[in-house]
Amino acid sequence: MTPQPEVEEHMALTKCPECSGDASDKAASCPHCGHPMRWAGRVQIIEKTGRGWKAIRVLGWLLVVGGVLVLRARPTTHAAGGRPLGWLLAAAGVACLVTSKAGAWWYHG
């Protein structure tokens, strides 16, 4: 049996733009000064908004769309209270949207 040659992975070293120290090309920051490396990628911020606030937001958009559809309907298809109903639906939708945004903001701190 012939021995298999070992495969070594080499890291490429680059110079830090801040302190000129050697840093790995896979490092997120310089080990000497802590400067973030430009190739490290974006930092993703994940916000955990509760399902209840998301449900209120969806309800708000549905009410707004429903209100607009009622308002845009032809006058011949309107019942006697069609216009006020459209405005009421749209206003309730906007209230839901504002409430969901304020609630999500309040509970995120």
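Cross-link partners among lysines for LYS54, C-alpha distance below 22 Å, same-chain residues fewer than 8 apart left out?
Once the sequence-local lysines are set aside, what remains near LYS54 is LYS101.
I'd like the FRET efficiency for THR49 and ALA95, computed as 1/(1 + (r/R0)^6) with the beta carbon distance as r and R0 of 25 Å, rounded to 0.05.
Values: r = 18 Å, r/R0 = 0.74.
Efficiency, rounded to the nearest 0.05: 0.85.
Going Cα to Cα from LYS26, which lysines come in below 22 Å? Please leave out same-chain ones fewer than 8 positions away.
LYS15
How much length is gained if the chain between HIS35 and ALA102 is pulled fully straight, taking 0.36 nm per residue apart and subtracting their Cα-Cα distance, in nm to one decimal?
Residue separation times 0.36 nm, minus the Cα-Cα distance, leaves 20.5 nm.
Under a point spin-label approximation (7 Å from Cα along Cα-to-Cβ), what is the LEU85-LYS15 distance to one decimal in nm?
Taking the two extended label points, one gets 7.4 nm.
All of the numbers you see were taken from the coordinates with simple rules; none came from a lab. The structure presented is a predicted model; accordingly, all values stated were derived computationally and were not measured. Please note: Cβ atoms are built from the backbone with ideal geometry, for glycine as well, and neighbour counts cover all protein chains shown.
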